[in-house]
Structure formats: C-alpha cells, structure tokens
Amino acid sequence: GGDGLLTAINGTQAYLTSSLAIGTSDAPGATLHVSSSGDGALFRVDGLTETPPVLLVTGSGRVGIGIADPAVALEVAGLITFGTGTGAGYLSNRGATSTRLRFGPDGATSIALECGGVQLLLVDNDSPDKVVLGAAADNNIVVSGSLIVSGSISGSTTIQGASLSVDG
C-alpha cells in the first residue's frame, strides 16, 4: 500500500518511503542506519555463491573487500586502481594530502613519492629506465653512506664528497 513503510511498485518490487534503522531501537540517524553492539559483521554484501563476501563492514569499522574477516581499517583481496585513466592517481596522507604516492596516467610507466608537493623519488620505466632522487628538473642525488655503481659515472659538473673511489 501507500501508507506503510514500503510502497509497492508491482508484485515483486517495492521501495522504502522513510528512513530505516536495523539493529537499534533508536530513531534512524540516516536513511539506512545499521547498528551493532559487537565487532562482528555489521553489513555484508555477497552473492549466493560468493565466499568470502564481496563487501563486509564490522562493528568496529573495519572494511573488507573480498575478505571475510578484515584485520585492519581497509583490507582488499585483489588489485586497487587509482585515478581516472586520463590523469595521475594519488594515494595520499589524509592530514597532508600533498604527501602522497603518485601513479602515472594510463600508459605511463612511473611512480613517484611526493612530500609537501615536492617530488623526492621518481621510478620510471620509460626509455631509459631511471631512478631520480629529488625534483626531476633538478636531478638531485644525495647519498648518506655508500654508493655502489655498476657502470660509469659521468657528468659535466664536479663530483663532491669526502672521498671517491671508482673501480674499472
């Protein structure tokens, strides 16, 4: 009927006309409010043959995607894709969003570590393969400890340091 919690569309479908609380006797705090007093499964989505569940949320706020018992805030079985495919994808720090891992767009072969919006490390599988420490435009490399080179060292500026030893 039209005056109850559900409104019938046809003999097999209906829609919710109000907010709904599950697992609590309090008024709903959202359109769909699911509550649990324990740490077990609070919300679960699966198919009849899916084991583990497609999506699981525990009472303590842990989320599992393809995981039956997530042990951390977010646990995923499988690949995670970042970005839109046309621009870089980022995995960032919530407190400082300019501190992040940057993944290149589709077809790109690089990953970078940025802190405070400044690139500190770039790994690029483009031709030629390279690892850049520092901003790419500056090509800064600072080594505290040993630097082992298999090949040659070349450049047009002075190499500075306490000592330099090159075999070969």
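The values are calculated or read from the model by the stated rules, or taken from the named source; none is laboratory data. As the structure is a prediction and not an experimental result, all values here were calculated from the model. Every residue, glycine as well, gets a Cβ built from its backbone with ideal geometry; the counts of neighbours run over all protein chains shown. When the accessible area is computed, the model is the full protein with side chains, heavy atoms only, and any ligands, DNA or RNA have been set aside. Shrake-Rupley method; radii C 1.70, N 1.55, O 1.52, S 1.80 Å.
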_Selection count, the range 17-34, where residues are assigned to a loop (DSSP other than H, G, I, E, B), open to solvent by less than 80 Å² (accessible area, probe 1.4 Å) and β-branched (Val, Ile, Thr)_ = 2
_Taking the criterion of being within 30 Å of residue 23 (Cα to Cα) and either without any contact (Cβ under 8 Å) to a residue 12 or more places away in the chain or of a type outside the set (Phe, Trp, Tyr) (or both), would at least one residue in the range 87-97 satisfy it?_
no
*Select, from 55, 91, the only residue that is open to solvent by less than 60 Å² (accessible area, probe 1.4 Å), under 17 Å from the mean Cα position of the chain (by Cα), at pLDDT 85 or above and on the phi < 0 side of the Ramachandran plot.*
55
*For the range 1-16, what are the residues that are open to solvent by less than 70 Å² (accessible area, probe 1.4 Å), of a type outside the set (A, V, I, L, M, F, W, C) and either part of a strand (DSSP E or B) or closer than 26 Å to residue 55 by Cα (or both)?*
7
*Filter result (closer than 20 Å to residue 21 by Cα, touching a Gly at 6+ places or on another chain (Cβ under 8 Å) and part of a loop (DSSP other than H, G, I, E, B)) within the range 35-72*: 35, 36, 37, 38, 39, 40, 59
